[in-house]
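Data block below; observations after.
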């Protein structure tokens, strides 16, 4: 996600909000997700990469380093399968607006599209996405070497849901295949830490104290950066990761309804501490901060820690990329009670348009692009955490030597890395409301009262 601005994704999510009447008319939040027949059962016989030879497919994507790393490999796919691939790139500011409109229109203009996992909660219920489970399970359509289980479990479950109120991720259909992802951890200025003889904090209270001690406003230096703008993307990286580690939940469910939990005693206590951290040791303009602001300050030496995506901070350590290049290191961030390292993720994934007229060719492309060989080649060209364990443990791991703590951090959190949010179709609206509430508390409103109001409003929306 670091290659696509959170501001742009917010505009895309806003477009989804504008389209709410259309989404409701199409059945978001209920009804069948199988309006269009799944095409996997039409494929029989032995598996062959050339089963759709001579066909041509169209793919909708937005410019992104990982997408760009695959572009030169498309000729290899065509040579393997005989399928021509035409990629349409849409500027990041307009991508999800276009995708939403096209899927709702069921034109099938694009066979495959690039998406984030949260968007499955919008596009899946009205039947706009093909369930990929039957394709994965069909030996006539999927190579015996595909090895779906090689993809990290937290990623596989984060792109699977049955669209039922209260159901956890990992149930129901597989609506997309993870393609590249990022964990949310702490990157810190190791050179500055070494000079002061200090180490990263292992508990939340110690992190607050450390960040405050590192803050020197006269030198325009502060302890920690994390996002604070009025965007759903403010909640999903560092905040949701540490919130989950401390035992927080966004919703529980009972009797077919959601109950908001962001005003529980655990949630209120954590929120107070997070806002304290922002006020005492964060940037003075925290309420406008998005990830590029955080990583800029890290690279310039103004911020001594950033709590955000690993792939967002990674580029700042490359030679010549920033003032502090070569001085950075990574740490999992504070564990919660009992050593809990629950970590929220973002994953770019590939999905099939259920209205596609060329489903076998589309599946062969998704299968190839998320397979071991293509992913190994792509990660050599552009950084992204590979979604496959075998690829990460291969040559990719050898590239991490100049990034202290990165591998150790990844291995510490990966088994507990998944989407920590409860899936629900009003995600973008209610999570933006959550970010607004954080700003209000930052501005002085009582945390308990403000979170009580947020919880009531959220329940009305998600159960409406």
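Miscellaneous remarks
- Here the condition is being under 20 Å from residue 156 (Cβ atoms), surrounded by fewer than 19 Cβ atoms within 10 Å (Cβ to Cβ) and assigned by TED's automatic domain parsing to the domain that holds residue 75; of 397, 380, 389, it holds for 389 alone.
- Filtered by the rule that a residue be outside any strand (DSSP E or B), surrounded by fewer than 20 Cβ atoms within 10 Å (Cβ to Cβ) and either in contact with a strand residue (DSSP E or B) (Cβ under 6 Å, 6 or more places away or on another chain) or touching a residue at least 60 places away in the same chain (Cβ under 8 Å) (or both), the stretch 336-359 gives 337, 357.
- Residue check, residue 430 crowded, with 23+ Cβ neighbours inside 10 Å, touching a strand residue (DSSP E or B) at 6+ places or on another chain (Cβ under 8 Å) and more than 30 Å from residue 50 (Cβ to Cβ): no
- Cβ separations smaller than 7 Å between residues 6+ apart or across chains give no pair from the stretch 190-202 residues that are free of Cβ contacts under 8 Å to residues at least 12 places away in the same chain to residues that are part of a helix (DSSP H, G or I) and surrounded by fewer than 13 Cβ atoms within 10 Å (Cβ to Cβ).
- Every residue from the stretch 298-312 that is part of a helix (DSSP H, G or I), more than 22 Å from the chain's Cα centre (by Cα) and either crowded, with 20+ Cβ neighbours inside 10 Å or not assigned by TED's automatic domain parsing to the domain that holds residue 332 (or both): 299
- Residues of the stretch 282-297 satisfying the condition of being buried (at least 18 other Cβ atoms within 10 Å of the Cβ) and part of a loop (DSSP other than H, G, I, E, B): 282, 283, 289, 290
- Residue selection: residue 212 fails the criterion of being assigned by TED's automatic domain parsing to the domain that holds residue 335, within 22 Å of the chain's Cα centre (by Cα) and over 16 Å from residue 329 (Cα atoms).
- Test: residue in the stretch 313-324 that is in a helix (DSSP H, G or I) and closer than 22 Å to residue 157 by Cβ: no
- Of the residues examined, residue 177 is one that is surrounded by 22 or more Cβ atoms within 10 Å (Cβ to Cβ) and touching a helix residue (DSSP H, G or I) at 6+ places or on another chain (Cβ under 7 Å).
- Highlighted here are the strands (runs of 3 or more DSSP E) found entirely within the stretch 37-143 that include at least 1 residues which are more than 24 Å from residue 345 (Cα to Cα) and in the same structural domain as residue 386 (by TED's automatic domain parsing): 56-61, 84-89.
- Looking across the stretch 143-164, the residues that are touching a helix residue (DSSP H, G or I) at 6+ places or on another chain (Cβ under 7 Å), within 22 Å of residue 392 (Cβ to Cβ) and crowded, with 22+ Cβ neighbours inside 10 Å come down to 152, 158, 159.
- Number of the exception - residue 323 against (1) within 21 Å of residue 267 (Cα to Cα); (2) surrounded by fewer than 23 Cβ atoms within 10 Å (Cβ to Cβ); (3) modelled with pLDDT of 95 or more: (1)
- Looking at 62, 81, 36, 115, just one residue is surrounded by 17 or more Cβ atoms within 10 Å (Cβ to Cβ), over 27 Å from the mean Cα position of the chain (by Cα) and under 24 Å from residue 386 (Cα atoms), and that residue is 81.
The values are calculated or read from the model by the stated rules, or taken from the named source; none is laboratory data. Not measured: the values here are computed from a predicted model. Cβ atoms come from the backbone with ideal geometry, glycine included; neighbour counts cover every protein chain shown.
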